[in-house]
Amino acid sequence: MTTDQYRREYAEHLIEQCKKGHMTRRQLLVRASVFGLSATVAGQMLAACGGSEEETTGGGDSGMPDPVMGGTIKLIGPAPITDPDPVTIYDQGGIVLVYQFLEYLIDLDNSNGLKPKLAESWTPDETGSVWTFNLRQGVTFNDGSPFEAEDVITSIERVLDPANGSGALSQLSGVLSPGGARAVDQYTVEFTLDKPYADFPYMVSSGNYNTAILSRNYTGDIVKNPVGTGPFMLTDYVTKQKATFVKNPSYWGKDAEGRQLPYLDGMEYVMVEDNSAQNLQLQSGAVDVQPQTVFQGAQALFGDPNLRVDIYPGTGIREVAFNMNVEPWKDNKALRQAVAYCLDREAINQALYDGRSNLGYDTFWEPTVFPGSPASTPRAQDYDKAKQLLSDAGYPDGLDITLTHAKYLENPQYAQLIQDQCKPAGINVKLDQLSYEAYYAGDDADYYGTTPWLNAPMTITEWGSRPAPGIFAAAMLLPDAVWSSSHWNNPEWVSLFDQYQSTADEASRTDIAAQLSSIQQDDTPILLAFYITQLRTQKKNVYGIQGPGSFYCDLSQAFMTA
Amino acid sequence: MLRLIGRRLLLMVPTLILASMLIFALAEVLPGDVARSILGPYATQEQVDLLNQRLGADRPVYERYVDWAGGFVTGDWGDSLLFDEAVLPLVMRSLGNSLLLAGFALVLIVPTSIAVGVFAGLRRDSLLDRGITVSTLSMTVIPEFVSGVVLLYVFAVWLKWLPVTALPPSGSPFVSRFYYLILPAIPLMLLELGYIARMARVGTVQVLAMPYIRTAVLKGLPRRRVIFGHMLRNAMVPTVTVIGTQIGWLIGGLVVVEVLFAYPGIGNIMVQAAKNKDLPLLEASVLMVAILYMVSNLIADIVVALLNPRIRMGG
């Protein structure tokens, strides 16, 4: 079967699923994007499905005026921890900066679906283990050199080389090995994977932020030599103070009317560490946009008549892990479930996020945040059940446990809520609060065997957004995952997960997901009480910012009215 | 007098050596490691080891210390591990910024607090005196991050009288920097006002009770001459000593204020370096602050000696 035939069949399969009511229209769009079906084809598929339009999420640009050309937008956010290097960045400051002048093969859209960027289209073979990417033609780097397959290959090989220290390596290991990328011709790249992987496009999207496409001549100093294909060019970088950009006059992007992008003349990123100081600068009008607004302290922004806070369906989580290598969690499912039934998730959401986040029920397959996921079973607070489970677990008189967490973001408040809510069931939670640095520190000789976040008996770890449930699960639930705080090892789940990753057929995939989800929920290696909604704050006269909040702040179509 | 200065300067050398060793030792105990800070929690152990090796951070601590100290005294302060920059110009630039802010704050603090303290002392036990004592003391217990946020909200966001940032846009004339430093300087001023004013008040009250003041009053000198000619000079001795030691506190306050106002000073740099174990940067910035602290104490001692000849003789 040719690739085109295969794609046609896959499209028909999706339409079928949608017609039968097994998928919503939004789910269909996301899955179509993963398989590289173009927006036009996806539109035709939606029409074939019939039914009514669903609400779209993200952005608050209703009633958007006509674009205004020119002007400079000022962004505010934390400074990068080190001078940014796209190969190793992992923090918000670094990612927001790099995203302005570098691009990825694929971008995330406002609801974590995929949209073509430097790759125009992509297709898997029948097995899902060979993926072919067709690159955009006529793109040049801002130093004038052309963008070609060779740049993609060197960029991907660079993150696969352990000597370069890229965090993307952990995500790609077991999926793509060095030498797995090959240039078919000047504008076609073929990835031969280590195993079939249905979500591979996410791995080379902006969702895996170290895979930015750099020039083949990149030598490692992006700040002094900022060569990229993006809409802006870095002209000045003052460590810990600000970064200044001007528009890239030869940018390839055009808007729907064929106008040259970006609309803006330039942008500036102002680095301010302190969150309340950032909010004050926004309120005073000194800056225009805060890509990531933190819930704590955001109340004043919600009420400010000059500002607009946009809400995006974020997938960031606070993982509460039970370390199953140690007592009392080892081989004691009932005890883990008992804690799960103590939680009043609505109240937690209310207290931490003003009720604006989505609730989670201890599984990654949550349809409210990941379209296409099977329905999960809600878990309400139920002390009778919790006490029963506690007794089944061998602790009829309750027990003392320790919860370790960093003094970072809303973790201290969350830990406090868990402590309060567990008490009535007879579970006394002792809080062990560490500094952020201490929580993630470990012995030089054996980091993974000593660091508190992976070794304390019960922990809260903050995770940024991931675009698909499988990516979260692979990173923290597989027995060989290096970031597993729970050290969960359920062979049935592991073998199902293997099938899930290699299955392209949507019906069987949903079927497997349902089983994965119910095993995860039942076994309860980790508590997932919510998926954090993302906030982006901007002045009311700023429009057109794209991307699913926080890290990805695409200003190529942004503009300011007077 | 010169002997006093010479001896004090000599004493600074062992103090600095001890301080530099302490910083290295403390950084060893602190959690975290520099390669992990650069690569993030998601990098693998092998990747972190490789980078530590490249940075030389995997060598024994004494070896790194000897290397660093050798470089430091010969003017080679090394490169920051976090930032792609040499430590010496980075620290000097930041220190310059901090000195400007601290100096500006001192210019506001010293005359204001002395005036307030002397004023209260002259009206000892009046309602005004008690009002001043209580209000200045309460201000010293408000942390800078609280007063800073309140001031920012009132003057920058609400009234819009002062800028919200601590640095003018690039290309502005140098004088405009002071306008931008007014807001950051006020929290520092509030912090110090109480201490210095209290000392000035105590000094005034004590000196006023001295027989020579009574003599001056009784021989018919105008009040103004009594205060400025006889009282102030003697009342200022404890105040000057306190100002000297408060400079250390001022630098502590700078750390908070600089972070809040995103001001590129030495306090900001120190926090970053300490958090991420950037030892060359941490050592250099802490030592510069230590030198500053010692020099300001020395200057305070010299001023005290000039005010009080008995100390000069004893030196």
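The values are calculated or read from the model by the stated rules, or taken from the named source; none is laboratory data. Please read all numbers here as calculations on a predicted model, not as lab measurements. Counting neighbours? That spans all protein chains shown, and the Cβs are built from the backbone with ideal geometry, glycine included. Side chains included, ligands, DNA and RNA excluded: accessible areas come from the protein's heavy atoms. Shrake-Rupley method; radii C 1.70, N 1.55, O 1.52, S 1.80 Å.
Table for the structure above
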read-out	value
Peptide-level mean, for A:279-288, of C-beta atoms on other protein chains within 10 Å	5
Where only C-alpha atoms are counted, convex hull volume of segment B:221-294 per residue in Å³	103
Solvent-accessible area lost in complex, 50 Å² minimum, residues of segment B:40-81 relative to chain alone, 1.4 Å	B:Pro41, B:Tyr42, B:Gln45, B:Gln47
Helix B:266-275 vs. chain B, principal-axis angle (Cα, 0 to 90°, nearest 10)	40
Mean residue ellipticity (222 nm) of chain A, computed from DSSP H runs ≥ 4 via -39,500 (n - 2.57), nearest 500	-9000 deg cm²/dmol
Length added when fully stretched, A:Thr140-A:Asp498, from 0.36 nm per residue minus Cα-Cα	125.0 nm
Distance between modelled label sites at A:Thr377 and A:Asn428, nm, 7 Å Cα→Cβ extension	3.3
GNM top mover of B:Leu282, B:Leu18, B:Leu162 - chain B, alpha-carbon springs below 10 Å	B:Leu18
Protein-only accessible surface order, largest first, of A:His13, A:His405 at 1.4 Å	A:His13, A:His405
Heavy-atom accessible surface of chain B: percent carbon and sulfur, 1.4 Å	71
Solvent-accessible area lost in complex, 20 Å² minimum, residues of segment A:475-505 relative to chain alone, 1.4 Å	A:Trp483
Extreme residue, positive dipole direction of segment B:79-129, given options B:Thr112, B:Leu128, B:Leu90 (C-beta unit charges)	B:Leu128
Residues of segment A:132-152 with amide N under 13 Å of the 7 Å Cα→Cβ point at A:Val41	A:132-134
Pairwise burial B:A, computed as accessible area of each alone minus the pair, summed, 1.4 Å, Å²	3500
Whole-percent carbon and sulfur share, accessible surface of segment A:415-562, 1.4 Å	50
Pairs of alpha carbons in chain B whose separation is greater than 27 Å (percent)	56
Pair A:Ala507, A:Asp400: separation of 7 Å Cα→Cβ label points (nm)	5.7
Chain-alone versus full-assembly comparison, segment A:228-243, residues with accessible loss of at least 10 Å² (1.4 Å probe)	A:Thr239, A:Lys240, A:Gln241, A:Lys242
Using alpha-carbon coordinates, inclination of helix A:333-342 to the longest axis of chain A, degrees	80
For segment A:75-211: accessible area per residue (Å², 1.4 Å)	26
Cut-off under 5 Å, modelled amide H: who pairs with A:Leu434 long-range	A:His405, A:Ala406, A:Lys407
Alpha-carbon radius of gyration plus Dmax, which is the widest Cα pair, for the protein assembly as shown in Å	31.2, 117
Sequence-distant lysines (8 or more away, or on other chains) whose Cα lies within less than 22 Å of A:Lys224	A:Lys74, A:Lys240, A:Lys242, A:Lys247
Cα-based reach from A:Lys423 at 28 Å (exclusive), listing lysines while leaving out same-chain residues under 8 positions away	A:Lys330, A:Lys333, A:Lys385, A:Lys387, A:Lys407
Label-point gap, in nm, between A:Asp354 and B:Glu46 - each point 7 angstrom along Cα→Cβ	4.6
Calculated FRET efficiency for the pair A:Tyr436/B:Arg177, C-beta based, R₀ 25 Å, to 0.05	0.15
Sites A:Ala183 and B:Gln53 - FRET efficiency at Förster radius 35 Å, r taken between beta-carbons, to 0.05	0.60
Peptide ranges B:287-295, A:37-45 listed from the most packed, as the mean C-beta count within 10 angstrom indicates	B:287-295, A:37-45
Length-normalised contact order of segment A:88-174 in % [C-alpha pairs under 8 Å, at least 6 apart]	19
Förster radius 60 Å - calculated FRET efficiency between A:Gln299 and B:Val73, Cβ distance, rounded to 0.05	0.70
Per residue value of the accessible surface for chain B (all protein chains in place, 1.4 Å probe), Å²	49
Probe 1.4 Å, protein heavy atoms only - accessible area per residue of segment A:3-49 in square angstrom	48
At 1.306 mPa s and 10 °C, Stokes D of segment A:3-49 from Kirkwood alpha-carbon radius, µm² per second	155
Net charge of Cβ neighbours under 13 Å - reference B:Ile23; Lys, Arg +1; Asp, Glu -1	-1
